[in-house]
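Below is one structure; the comments refer to it alone.
The numbers here are math on the coordinates, done by the rules we state, and not lab data. Remember, predicted model here, so these are calculated numbers, not experimental data. Note that we place each Cβ from the backbone using ideal geometry, even for glycine, and neighbour counts take in every protein chain shown.
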Amino acid sequence: MDTFLLSFILLNLIIPFNITVFALTTLWGICSLRIDLPSEEEKETDIKEVVASGISIDWYRSATSRIKTVKSVGITLGSVLWMSLLIFALHSTPYDIIIDTLNDAWTHIIGSSAEHDSIFTIIVMGGHLIIFWSMSIIFMILDLTRPVFMIPWKIQEEGLNVRKYIQCTLLVICNQGISTILVWGMSHYLIDGDAWSETLPEATEIILQLLACACASEVWFYFGHRLCHLSNFIYNHVHWLHHTITAPSAITAIYAHPLEHIFINFPTTAIGPLLMNCHVIVFFMWTVLATFDTCSGHSGWHFPFMSSPEFHDFHHSFGTENFGALNFFDKYFQTSKTFLTTCNYIVDKVYRTAMYPADKRIF
Ligand SMILES: [Zn+2]
Ligand SMILES: [Zn+2]
């Protein structure tokens, strides 16, 4: 019954979320491409007008990109404001319904007779496995079938063949087996009673903890990953395996030597919630987000609403620079110098329309 309830919660929360993101991405992408994409004639007229007015093309492009940034910040703030107003205006908001459902489910889970370690492993690994495999399978189908109307969002010509997919699947299953043991051990030896508190944390606390998890994860990943490249020994014996993939797909996110998986990939996700002794529900949410992010970062497709895969894809293509997951430490320590001068950098953002193919053509 408990396992059934847990699976029910996981399936109900994650699968619709995942499917909705993909459906929105595709539909919105296709619709807005038709509306927003400037024709070749319009682009040429634009450029001719710019040259005639004495403004340099570089200045025009940089100004256009700044205007776009301001516009997107405006749209984001506007959307947040609109959503907030809607939430406050409604009597019983979707937020209340979600919180009530979570509270009920949580009360049931902690009241069950199953051991905490088993429940924790099922929740955390369940979240990871559902997101990981649903994304890996969707992107594998896209890579192998390459629907013509979606090709504009594919960021590299090459892709993995069936043989490589089989190799990846086997190693990934091995690494996920290791993760399961580590998650169980983490629950048994490192997580104390506060993480099992009967009261779920407030939404603001959850958001702040998730942000802190993202920071901790970036610190571990940047320095750990950079060390893998600085030390020839570590690179030649461990990290090389992840770099046999030059055009990644979602499944390659954890296609890595088991030692790299244990010392880099696993702690990158676990360190934040572990250091803060987060509530189990935050462990679950962070695992789902981190899995979603690393899979889109390795997906090889740059769809609207998805986090940009350009940054890490550049790392796989050239084997240098871009050691973090974000561009924060890389900018500070100047380990993304070349990347910053490429067109990949210009399109390295989350698109809310399908302008990616148009931008790629312009730059
Ligand atoms: Zn690397
Ligand atoms: Zn990678």
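Highest first, please rank the peptides 211-218, 118-125, 326-333 by the mean number of other Cβ atoms sitting within 10 Å of their residues. Please list the in-between numbers first.
Values: 211-218: 18.0, 118-125: 19.8, 326-333: 15.8.
Descending mean neighbour count gives 118-125, 211-218, 326-333.
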Along the charge dipole of the chain, Cβ charges K/R +1 and D/E -1, which of SER296, ILE119, THR45 sits furthest on the positive end? THR45
So the angle from the long Cα axis of helix 57-89 to the longest Cα principal axis of the chain, reported in degrees to the nearest 10, equals 40
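Over the stretch 72-171, what lengths in whole Å, largest first, do the semi-axes of the equivalent ellipsoid take, defined as the square roots of 5 times the eigenvalues of the alpha-carbon gyration tensor?
Numbers: eigenvalues 265, 166, 18 Å².
Value: 36, 29, 9 Å, ordered largest first.
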Around VAL347 (Cβ within 9 Å, Cβ-to-Cβ, excluding VAL347; K/R +1, D/E -1) the net charge comes to -1
For LYS337, counting only aspartates and glutamates whose alpha-carbon sits under 20 Å away and dropping same-chain residues fewer than eight positions off, the answer is ASP58, GLU218, GLU310, ASP313, GLU321, ASP348
In order over the stretch 214-224: 3J(HN,Hα) from phi, Karplus 6.51/-1.76/1.60, θ = phi - 60°, whole Hz, x for each Gly or Pro, gives 4, 5, 4, 5, 5, 4, 5, 5, 4, 6, x
Output the 0 to 90 degree angle, nearest 10, between the alpha-carbon long axis of helix 116-145 and the longest principal axis computed from the alpha carbons of the chain. 30
Scalar couplings 3J(HN,Hα) for the stretch 350-357 by Karplus 6.51 cos²θ - 1.76 cosθ + 1.60 (θ = phi - 60°), nearest whole Hz, x for Gly and Pro, are 7, 8, 9, 10, 8, 6, 3, x
Packing-based ranking, highest mean first, of 249-255, 157-163, 176-182, 266-272 given that Cβ atoms within 10 Å are counted: 249-255, 266-272, 176-182, 157-163
